[in-house]
Amino acid sequence: MSDSAKRSILAGLRWTSLRLRLVVVFALVALTAAVSASGIAYWLNREAVLTRTQDTALGDFRRQMQNGAASLPLQPTGSDLRDAAGQMANSGPGYHVLLVDSHDGKPIVGSSDIDAFTKLDVPVSLQRQVNKKQPLTSSNSHEYHLFWQRTSIGGTPYLVAGTKIIGGGPAGYMLKSLDQERQDLNSLAWSLGIATALALVGSALLAQGAATTVLRPVQRLGDAARKLGEGKLDTRLVVSGTDELADLSRTFNRTASSLEKKVADMTAREEASRRFVADMSHELRTPLTAITAVAEVLEDEADSLDPMIAPAVHLVVSETRRLNDLVENLMEVTRFDAGTARLVLDTVDVADMVTACIDARAWLDAVDLDAERGMMVRLDPRRLDVILANLIGNALKHGGSPVRVAVRVDDDELVIEVRDHGPGIPEDVLPHVFDRFYKASASRPRSEGSGLGLSIAMENAHIHGGDITASNSPDGDGAVFVLRLPRDAERLTGAPGDDDPDRNEKGSAK
């Protein structure tokens with residue numbers, strides 16, 4: 001599976017991904033709309049069904065009371081009430097009837113179905129309203145009215161209604177089951193729920209499609225930006241359409257083109273600068289060689305020259321050597337910048353290497369060496385010599401003797417610590433000690449070096465796959481430079497073993 005496919009899958013699974021948020025927002029909007037529409041539709045249908053059933057039953061019950069119950073004798077018997085109730089129930093749209101009267105203070109009850117409907121099924125509040133005589137007014141011409149109430153008996157919904165015959169007569173009650181309507185409404189609710197679920201699934205699919213449509217260009221833009229960040233400046237997007245994403249792609253292409261042009265210009269200027277330094281260094285070599293030879297001859301004859309001329313001769317010799325070191329350092333820096341510097345690896349004893357470096361520069365009396373023989377490493381001896389010469393020479397020049405050099409091996413790492421006993425490095429200077437041409441002048445005396453020594457040491461450490469750190473001693477006594485190199489540079493850097501044309505070149509202290 002490609003990296004882009006993996007990134008796409010992982011992006012789709014992250015809870016914070018834009019795709020998931022789009023799907024969730026679409027789903028929530030669809031769910032809210034579907035639930036709202038379903039709720040309104042259910043409520044409207046419920047009211048319509050119940051109102052229609054209720055109006056039909058109540059209207060029929062009122063007519064039955066007017067026709068059937070009103071024709072009863074003034075003092076009906078229980079049998080008369082049962083017959084009338086049965087006749088009313090049989091003529092009505094599926095409801096039970098209960099007729100209630102009294103004789104000599106004793107209640108007389110007649111039910112169309114004594115097992116299905118009794119006086120206990122009628123709410124007391126409804127009985128009081130039915131038997132209560134209403135005052136006659138201009139807006140009310142009847143003493144008794146028809147009242148109804150929805151109730152539940154044994155978990156089944158019912159419509160209970162009651163009224164009383166005006167002018168004397170029994171009170172009648174009706175019990176209408178609403179179970180069929182409840183079943184119809186439940187079926188409607190299930191239908192609306194299924195429709196809501198389908199709408200939710202459909203919205204999720206639409207959201208996924210919309211997210212894919214929107215995010216695919218965004219993903220391509222992200223991949224292109226990632227490639228651009230990796231240095232592939234020729235990366236461009238295919239632009240199609242006229243929407244905002246197309247405008248964004250065009251803007252990215254214009255930005256990438258401008259960036260490529262600017263980087264190309266900067267690279268060309270940098271290359272021209274490196275070439276100029278390299279050419280200048282090579283051109284200076286020939287006259288410097290002649291000048292150096294003349295300066296050495298003058299130095300040998302300085303004691304026999306006029307005392308007024310001898311200081312000038314010594315100055316010329318010193319500055320000639322300094323200029324020669326600067327040219328060599330510039331050529332070394334140019335090779336690092338051009339990427340042509342190569343390692344020539346060899347297996348050496350570190351203690352012997354450090355001792356040889358110190359002895360070659362006549363520093364034995366000024367350096368305390370703490371190194372055990374037998375620590376074998378595989379690296380470039382010349383470049384290690386350059387690093388040590390710069391670090392130790394820098395410590396002697398700016399920190400003063402004695403300089404302590406400690407060598408140890410930590411696992412697969414060679415560690416060389418160079419400590420001086422000078423005033424230390426100011427905190428504002430520490431971040432810049434390895435910068436090219438940087439010279440500290442606060443607490444250290446002015447350097448006569450080129451300002452390239454420590455930067456060249458750092459480059460040589462990096463080409464080995466190592467590093468150099470600079471700090472002040474915790475006890476405040478001098479500066480500490482720590483060089484860390486792999487014990488086998490070939491294994492970590494894959495350095496070739498070919499001969500290095502620059503093998504005989506020297507490095508100087510900063």
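The values are calculated or read from the model by the stated rules, or taken from the named source; none is laboratory data. None of the values given here were measured: they were computed from a predicted structure. No Cβ is skipped: glycine too gets one built from the backbone with ideal geometry, and neighbour counts run over all protein chains shown. Areas reflect the complete protein model, heavy atoms only, side chains present, ligands, DNA and RNA absent. Shrake-Rupley method; radii C 1.70, N 1.55, O 1.52, S 1.80 Å.
For the range 206-227, a residue qualifies if it is of a type outside the set (D, E) and at pLDDT 85 or above, and the qualifying residues are A224, A225, R226, K227. Every test in (1) assigned to a helix (DSSP H, G or I); (2) open to solvent by less than 50 Å² (accessible area, probe 1.4 Å) is passed by D55 save one, and that test is (2). Looking only at the range 322-358, count every residue that is over 51 Å from the mean Cα position of the chain (by Cα) and without any contact (Cβ under 8 Å) to a residue 24 or more places away in the chain and tell me the total. Qualifying residue count for the region: 2.
So which residues in the range 58-108 are free of Cβ contacts under 8 Å to residues at least 40 places away in the same chain, open to solvent by 30 Å² or more (accessible area, probe 1.4 Å) and of a type in the set (D, E, K, R)? The answer is R63, D80, R82, D83, D104, K106. Among the residues of the range 354-378, which ones are open to solvent by 30 Å² or more (accessible area, probe 1.4 Å) and either part of a helix (DSSP H, G or I) or of a type in the set (D, E, K, R) (or both)? Across the range 354-378, the qualifying residues are T355, A356, D359, A360, R361, D365, D368, D370, E372, R373, R378. Against the numbered list (1) under 29 Å from G202 (Cβ atoms); (2) surrounded by fewer than 17 Cβ atoms within 10 Å (Cβ to Cβ); (3) modelled with pLDDT of 75 or more, A30 comes up short only at (2). When the range 337-353 is limited to residues that are out of contact with any strand residue (DSSP E or B) (no Cβ under 8 Å at 6 or more places or on another chain) and either within 30 Å of E271 (Cα to Cα) or crowded, with 19+ Cβ neighbours inside 10 Å (or both), the one that is modelled with the highest pLDDT turns out to be M353.
One residue alone among R150, R128 is more than 60 Å from the chain's Cα centre (by Cα), open to solvent by 50 Å² or more (accessible area, probe 1.4 Å) and at pLDDT 85 or above, and that residue is R128. Within the range 45-89, the residues that satisfy the criterion of being at pLDDT below 80, closer than 22 Å to I114 by Cα and either under 60 Å from the mean Cα position of the chain (by Cα) or among the hydrophobic types (A, V, I, L, M, F, W, C) (or both) are A69, A70, L72. Of all residues in the range 417-430, those that are closer than 20 Å to A461 by Cα have Cβ atoms under 8 Å from Cβ atoms of residues that are of a type outside the set (A, V, I, L, M, F, W, C) and in a loop (DSSP other than H, G, I, E, B), 6 or more apart or on another chain, in R419/S473; R419/G478.
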